[in-house]
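Coordinate-derived values only; no laboratory data. A quick note: this is a predicted structure, and the numbers were derived from the prediction, not measured. Backbone-built Cβ (ideal geometry, glycine too); neighbour counts: all protein chains shown.
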Amino acid sequence: MTRILFWIALLILIIAAIRSKLRGMAPPPGQGSAPRPAAREAETMIACAHCHVYFPESEAVKAGGREYCSPDHARLPPA
C-alpha cells in the first residue's frame, strides 16, 4: 500500500512540475502570441528549357534567349 501511495504522489509531483514549466513558457495574459514575420513576395517560377523543371526566375541562367536552371543545362541543347 505504501508503494502505491509513493508512486501516486510522485506522479502528481511530475504532472505539477510539467504544468508549471508549460505555464512559464506561455506569454503573459493580454500580450497574445509573438508577431508573425512579414510574408515574402511570391516569385515567378519558370521552366528550364532543357529539363523543364520549374525554378525561381531570379536563379535563371540565360543563354541564347532561353532560361536554364543551371550553367550545365545552358551548355546542352534544349530538349
Give, to the nearest whole percent, the P(r) tail of the range 37-79 beyond 17 angstrom, counting all Cα pairs.
30
A chain fully extended from L10 to R40 at 0.36 nm per residue, minus the present Cα-Cα distance, gains in nm 5.9 nm
Rank by packing, highest mean first: peptides 2-13, 55-66, with packing defined as the count of other Cβ atoms within 10 Å averaged across residues.
55-66, 2-13
